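Notes follow the structure.
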């Protein structure tokens, strides 16, 4: 399997997981289980879901859209994301969503940070309370563009590309874990090995950014994986939902995604299906899990019909081209990054 296939697999997996979880996002697990069981295909947004109501089957959400925005800016900046440009692009994206009648808008950490930026607060300060999973959900392009070793260099890139909205110990730990797992996959790691790198990166990432009180992301990743080990799929899903949590908090969403990856390490499509069937913020959890699984197994590991349906529902989504550009950036000797330590 080539690095190109793995890079494309990371972005395809992110989008597939996101689109699978679109109709079930923010629904209780019992409702998801009764209505869908474990999802096995893209479904349209149901009428009783105020966020995804009316969206056609296979449509991606903010997780993929923001990852593409980040990836494009990363390529344009040759490894560095200009924070002011990122803020403008995110606000422009939200305006497009409002014009289209979408209720799937910017998350609370991002919205607060961009409001502060518009008021003239320096971008190294705007993200000092951003601790939700927005940084982790969109960070896969950083994992494609940067090697996972040395880990501190990867974390420099995570901080630089996300500090404008999520510059806290918890958010950086979660985003670093996802970026490291994706990056390890690009270099040939399997899912289990990638998850080990994720835990290491989370420990290092927690030393960066502004302190934010909350559970340790690295410890919760290991705990979540251990909770589900050896259990039947339905039981494991219930445990993730009830104990690990599937909310907006980074320390819930990232460990939940890692636990789902560990449940089916050899089957990326099943990983996406299980994560999207959790309930809660399951489009984000499935996007994270799908990116990791896709990086480890490559684009060809997803059913061809699923990839075709994804592109049919999102004809302007340039995932393969963006993955190729990010991989080219990775192969540069020294992509430019600007280190920021809070």
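The values are calculated or read from the model by the stated rules, or taken from the named source; none is laboratory data. Source: prediction; values computed, not measured. No Cβ is skipped: glycine too gets one built from the backbone with ideal geometry, and neighbour counts run over all protein chains shown.
For (1) part of a helix (DSSP H, G or I); (2) within 23 Å of residue 205 (Cβ to Cβ); (3) in contact (Cβ under 8 Å) with a residue 40 or more places away in the chain, each residue gets a yes or a no:
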site: 80; (1), (2), (3): no, yes, yes
site: 104; (1), (2), (3): no, no, yes
site: 112; (1), (2), (3): yes, yes, no
site: 154; (1), (2), (3): yes, yes, yes
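Within the option set 92, 57, being within 21 Å of the chain's Cα centre (by Cα), at pLDDT 95 or above and more than 19 Å from residue 130 (Cβ to Cβ) holds for one residue only, 57. Residues that are in contact with a strand residue (DSSP E or B) (Cβ under 9 Å, 6 or more places away or on another chain) and either modelled with pLDDT of 95 or more or surrounded by 19 or more Cβ atoms within 10 Å (Cβ to Cβ) (or both) do not occur anywhere in segment 71-79. For the condition modelled with pLDDT of 95 or more and outside any loop (DSSP other than H, G, I, E, B), residue 143 qualifies.
Return yes when residue 227 is crowded, with 24+ Cβ neighbours inside 10 Å, at pLDDT 95 or above and either more than 18 Å from the chain's Cα centre (by Cα) or under 18 Å from residue 158 (Cα atoms) (or both) and no when it is not. So residue 227 does not fit the description; no.
Residues checked against (1) surrounded by fewer than 24 Cβ atoms within 10 Å (Cβ to Cβ); (2) on the phi > 0 side of the Ramachandran plot; (3) in contact (Cβ under 8 Å) with a residue 24 or more places away in the chain; (4) in a loop (DSSP other than H, G, I, E, B):
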| position | (1), (2), (3), (4) |
| --- | --- |
| 5 | yes, no, yes, no |
| 13 | no, no, yes, no |
| 42 | yes, no, yes, yes |
| 49 | yes, no, yes, yes |
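Residues of segment 295-307 include at least one that is free of Cβ contacts under 8 Å to residues at least 40 places away in the same chain, surrounded by fewer than 24 Cβ atoms within 10 Å (Cβ to Cβ) and part of a helix (DSSP H, G or I).
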